[in-house]
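A.B. asks: What follows is a single structure, and I will ask about it in a moment.
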Amino acid sequence: MDTYYAVIFTSQSTEKDEAGYDSMSARIEELVREIPGFIRLEGMRNPEDRVLQFHIGNLKRYSSLENV
């Protein structure tokens, strides 16, 4: 099994703002994909209030963390 590193990104809103969440999610994905050593990105948010959102980015190299 190959070694990889995880970076966790969070965002939080005080309002239910679907368009804002979708926009933020797309921007986070765009930025993370530009990091050298990018493997994948997974996102999730609380299904009840949708206020807190997490993204977990997986990177191939520890040195990639310097670009975060």
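A.B. asks: Once the piece of chain linking residue 56 and residue 3 is laid out straight, how much longer is it, given 0.36 nm per residue of separation minus the C-alpha distance between them?
C.D. replies: Once the chain is fully extended between residue 56 and residue 3, it gains 17.5 nm.
A.B. asks: Something else: Working out 0.36 nm times the residue gap between residue 27 and residue 10, then minus their Cα-Cα distance, what length gain in nm do you get to one decimal?
C.D. replies: Taking 0.36 nm per residue and subtracting the Cα distance, the gain is 4.8 nm.
A.B. asks: Please tell me the relative contact order of region 5-67 in percent, rounded to the nearest whole number, where contacts are Cα pairs under 8 Å and at least six residues apart.
C.D. replies: That works out to 47 percent.
A.B. asks: Further, regarding this structure: Which entry is the computed percent of Cα pairs over 14 Å apart for this structure: [x] 77; [y] 62; [z] 56?
C.D. replies: Read-out taken from this structure: [z].
None of the figures in this text is laboratory data; all of them are computed from the coordinates on show. The structure presented is a predicted model; accordingly, all values stated were derived computationally and were not measured.
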